[in-house]
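**Q** Sharing a structure here in structure tokens format.
Every number here is computed from the coordinates shown, using simple stated rules; none is lab data. All values reported here derive from a predicted model rather than from experimental measurement. Note: ideal-geometry Cβ built from the backbone for every residue, glycine included; neighbour counts use all protein chains shown.
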Amino acid sequence: MIPARLPKVITRHRGGRICAYLLDSSAFGALEPAAVFQPRAGDEVVASVVRPDLERVVYTTLNGIVCLTRAGDLVWASAFEPHSDVRLGHRPGCALSLDGRTVWVYRPDAMAQRGDRDQWVVYDAGSGAALVRRELETVGHGAGHHVHPVDGSIYLDIGEGQDGSVILRGMTGADGEPEFVRYPWWDRCLIDLAPDGEQFMTVDHGQGHVAFHRHPSGDVLFSLPVEAFGYDPEETFLEWSGGYLTPDTAVVTLGGESQDEEEWFRYHLIDVRTGTPSGEIAFEVSNPYDVEPLGDGSWLTNGPDGHPIRWSRAPLPTTPRTLER
């Protein structure tokens, strides 16, 4: 069972501002910002996260992390030292923990020429104090954070370009101190966590198959190659996109080129209970990465004005949803 939780907040960066959108059960169609934050003058925002109460934003730049109030007052800031003048190839990312007490920041320090290795740093969300610094054996360009919806552990998917992808997980140990686990793969990209928290989905770096893993062990529950969807693996590949449409249904994206060298992509459904494909689904998008399944039967696309649009195949409940397995 998934316990009732606060509405999810997503952000978009538009016109030099950070727009926050609430994904509650009644928000469909083109979404309007529930709050708008103005970064400090001169700050170029790379990634951002907003608290569910919409009172504070935390964002990264190429050289630091900043926390502001809704009114624009500085709460705290922390610079990434030493300062880097490298403009391209590194994008620091951030995530807010499930309980809102900590901020997790990925620093691609190697590509920023700050050192030989990257860092994963845990900050106190209230004070900005650095609680834990984890030196990583990676040389990444950027990373995606995925917060587990039940136990609050945080997955980190680090992209190392042609060298592959590394997946780690951070959690609070029995003594209250953060613990870190690195999964034994260098060639799997984390796509999404299941909304019930029981599994997660990856696509191999070579884009030949999708796999579903048990949380937290990472054991493979089942995998499907391109051929399972009726395509020639020599001509078709899996995009690093998709995710869980519901706890029992996942979306994968297959793409390739036509004989006229025109790129194409299609979305297929997978029944994760049986481990089998279950047909196609159409989304009104022009980019294979422009669909974000939300796990409750709905999904997001990007609107022409930059605001996200939320869609659903069927009407959803107007009260917070509780799912049972």
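**Q** Dipole size in debye (nearest 20) for the chain around its Cα centre, Lys and Arg Cβ +1, Asp and Glu Cβ -1?
**A** 1380 debye
**Q** For the stretch 177-192, list residues with backbone N below 19 Å from a point placed 7 Å from the Cα of residue 135 toward its Cβ?
**A** Within reach of a label on residue 135: 178-182.
**Q** Could you give me the radius of gyration and the Dmax of the chain, taking only the C-alpha atoms into account and expressing both in angstrom?
**A** Every Cα atom of the chain included, Rg and Dmax give 19.6, 60 Å.
**Q** Apply the a/c threshold of 1.5 to the C-alpha gyration tensor of the stretch 35-175 and tell me whether it is rounded, prolate or oblate.
**A** The shape class here is oblate.
**Q** Only Lys, Arg, Asp and Glu count, each charged at its Cβ (+1, +1, -1, -1), so figure out the dipole size of the stretch 208-293 about its Cα centre, rounded to 20 debye.
**A** Using Cβ point charges on Lys, Arg, Asp and Glu, the stretch 208-293 gives about 680 debye.
**Q** Sticking with this one: Would you kindly derive the ³J(HN,Hα) couplings of the stretch 282-295 from the backbone phi angles with the Karplus curve 6.51 cos²θ - 1.76 cosθ + 1.60 (θ = phi - 60°), listing them in order in whole Hz, with x for Gly and Pro?
**A** For the stretch 282-295, the Karplus curve yields 9, 10, 8, 9, 10, 9, x, 9, 9, 10, 10, x, 9, x Hz.
**Q** Still on this structure, I have one more. Using a Förster distance of 25 angstrom, determine the FRET efficiency expected from the C-beta separation of residue 290 and residue 53, and round it to 0.05.
**A** Computed FRET efficiency for residue 290 and residue 53 comes out at 0.30.
**Q** Compute the FRET efficiency between residue 217 and residue 273 as 1/(1 + (r/R0)^6), taking r as their Cβ-Cβ distance and R0 = 22 Å, and round to the nearest 0.05.
**A** 0.70
**Q** Related question: Using θ = phi - 60° and the Karplus curve 6.51 cos²θ - 1.76 cosθ + 1.60, what whole-Hz ³J(HN,Hα) does each residue of the stretch 227-240 get, with Gly and Pro shown as x?
**A** 4, 5, 9, x, 10, 7, x, 7, 10, 10, 9, 8, 6, 8
**Q** Please give the FRET efficiency for residue 182 paired with residue 41, using the beta carbon to beta carbon distance and R0 = 41 Å, rounded to the nearest 0.05.
**A** It comes out at approximately 0.55.
**Q** Under a plain spin-label model, where a point goes 7 Å from the Cα along Cα-to-Cβ, how far apart in nm are residue 88 and residue 281?
**A** 3.6 nm
**Q** Considering only DSSP states other than H, G, I, E and B, which GluC sites (Glu not before Pro) in the stretch 104-192 qualify as loop sites with at most 16 other Cβ atoms within 10 Å?
**A** Answer in residue order: 137.
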